[in-house]
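The values are calculated or read from the model by the stated rules, or taken from the named source; none is laboratory data. Small disclaimer: the values here were computed from a predicted structure and weren't measured. Positions of Cβ are backbone-derived with ideal geometry, glycine not excepted, and every protein chain shown enters the neighbour counts. Surface accessibility is based on the protein's heavy atoms, side chains included, excluding ligands, DNA and RNA. Shrake-Rupley method; radii C 1.70, N 1.55, O 1.52, S 1.80 Å.
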Amino acid sequence: MSERHAHEDEELVTERFAADSLVRPGADDLERAAEAALRPRNLDEFVGQRVVRDQLSLVLQAAKARGRAPDHVLLSGPPGLGKTTLAMIIAAELGASLRVTSGPAIQHAGDLAAVLSSLEEGEVLFLDEIHRLARPAEELLYVAMEDFRVDVVVGKGAGASAIPLALPPFTVVGATTRAGLLPAPLRDRFGFTGHLDFYADDELERVLLRSARLLDVPLEHRAAHEIASRSRGTPRIANRLLRRVRDWAEVRGDGRLTLAAARAALDVYEVDVRGLDRLDRAVLTALCTRFGGGPVGLTTLAVAVGEEPETVETVAEPFLVREGLVGRTPRGRVALPAAWAHLGLEAPREAGTLFG
Ligand code: ADP
């Protein structure tokens, strides 16, 4: 299996399990519809990511001053951090319309040729999950981005010929969760690359207070703080938890989103104080209590929690590793001291020294 295909499978697993938990970063169509009302409409409303925001603002202002389409923009970073939102903002700031498609939606190079040849001057083409474009489509895209041309193939076999079709200037905004998977020739076609990082809790608080205003729900500051701290650095998760806390407040509370309401709601949904859900905690608990903190192989660990190894590896593990709870060593997974502390267990003396 090629590296690319392995990653495609990982994403399918992540998507499948996204529906099961409140703290997975992916979104389905229903959620995307709920999100639409909460999207910042311009760079000033976009919270955090100061560096990317400043740089983009310069790129856009310079393009506007010149009256030309800006360089192509690549946005990379984990799901739910604002790549689609920024693509919409770029189009809005340029006063241009936005066309949206994605790597997996383009089955054949011809599909992409059709999209490209219908673009109007100055339009912004958002290509989500650009790392999942098939190779022939990718090659067509390089040429279109660099020379504003597509070669339309007419006929078949030996008699086939390519007729070049000139395209009006346009801007591609590519989004990827894995910039490292993009082939260098494609990466090089982007004049500007912005990397989005996880948000700090105070930034998520601002996202939440803004969303609450838009949804017209009374969110107290301390509740915003509590929800932010369980949102795994991800605005999408923060907005999702906010909606669930609102449900709780309306059904079981007095409608106000207080600290107590936030805590009670998130307990119901089994999202703990660090934003871990049931699967995350099951992995930590098995690692500490059944395997003495490891090292233990991924497959053994997965069997212990009744999941597929790739689910543990792609759904639970990235956050546990990022949080410094789990370490990956050549001999297997180990629980780091913070994992024992989080479970309220006493770590054996050698915990942590196994790491590395
Ligand atoms: P991605 O494309 O990276 O998966 P999205 O752009 O779809 O993420 O963002 C997910 C949700 O989070 C959207 O509803 C959006 O409103 C919200 N969001 C993301 N980034 C920000 C931000 N910087 N400020 C406010 N809301 C944000």
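Over the chain, dividing the summed -39,500 (n - 2.57) contributions of all DSSP H runs of at least 4 residues by the number of residues returns a 222 nm mean residue ellipticity of -13500 deg cm²/dmol. Solvent-accessible surface of protein heavy atoms, probed at 1.4 angstrom with all chains present, puts VAL268, VAL47 in the order VAL268, VAL47, largest first. The trypsin sites (Lys or Arg not before Pro) found in the range 154-244 that occupy coil by DSSP, while having at most 11 further C-beta atoms within 10 Å, are LYS156. About its Cα centre, the range 206-333 has a charge dipole of approximately 420 debye under the convention of +1 per Lys or Arg Cβ and -1 per Asp or Glu Cβ, with nothing else charged. In this structure the range 120-186 gives 45 Å² per residue of accessible area when probed at 1.4 Å with all protein chains present. When both bridge partners sit in the range 39-195, DSSP labels roughly 25% of those beta bridges antiparallel.
Taking Cα centre as origin and charging only the Cβ of basic (Lys, Arg, +1) and acidic (Asp, Glu, -1) residues, the dipole magnitude of the range 279-338 rounds to 280 debye. Accessible surface area normalised per residue over the range 276-356 is 48 Å², counting heavy atoms of protein chains with a 1.4 Å rolling probe. The amide H of GLY122, built 1.01 Å from its N in the peptide plane, has PHE170 as neighbours under 5 Å, considering only residues 5 or more places off or on other chains.
Dividing the alpha-carbon radius of gyration of the chain by the rule-of-thumb value 2.2 N^0.38 Å gives 1.12.
Sorting the segments 342-348, 130-136, 299-305 by their residues' average number of neighbouring beta-carbon atoms within 10 angstrom, most packed first, yields 130-136, 299-305, 342-348. Looking at the square roots a ≥ b ≥ c of the eigenvalues of the Cα gyration tensor of the range 278-342, which shape do they give, rounded for a/c under 1.5, prolate if a/b is larger than b/c, or oblate? Rounded shape, in that the Cα axes give a/c under 1.5. Over all other residues within a Cβ to Cβ distance under 9 Å of SER102, the charged ones net out to -1, with Lys and Arg as +1 and Asp and Glu as -1. Grab the beta carbon distance between ASP29 and ALA62, set R0 = 25 Å, and tell me the FRET efficiency rounded to 0.05. The pair ASP29/ALA62 has a calculated efficiency of 0.10. Mind jotting down the distance between the C-alpha centroids of the range 252-300 and the range 125-203, whole Å? Using only Cα atoms, the two centres lie 40 Å from each other.
Remark on LEU167: its backbone amide H falls under 5 Å from those of ARG149, VAL150, a criterion applied only to residues 5 or more positions apart or on other chains, H modelled at 1.01 Å from N.
Net charge of the neighbourhood of LEU141, taken over other residues with C-beta under 14 Å away and scored Lys/Arg +1, Asp/Glu -1, is -3.
Taken about its Cα centre, the chain carries a charge dipole of about 500 debye when Lys and Arg each add +1 at the Cβ and Asp and Glu each add -1 at the Cβ. Rolling a 1.4 angstrom probe over the chain with all protein chains present gives an accessible area of which 51% lies on carbon and sulfur atoms.
Remark: C-alpha extents of the range 39-195 on the principal axes read 55, 32, 24 Å, sorted largest to smallest.
Net charge in the neighbourhood of ALA175 (other residues with Cβ under 9 Å of its Cβ; Lys, Arg +1, Asp, Glu -1) is -1.
Mean sequence separation of contacting Cα pairs (under 8 Å, at least six apart), scaled by the length of the chain, corresponds to a relative contact order of 16 percent.
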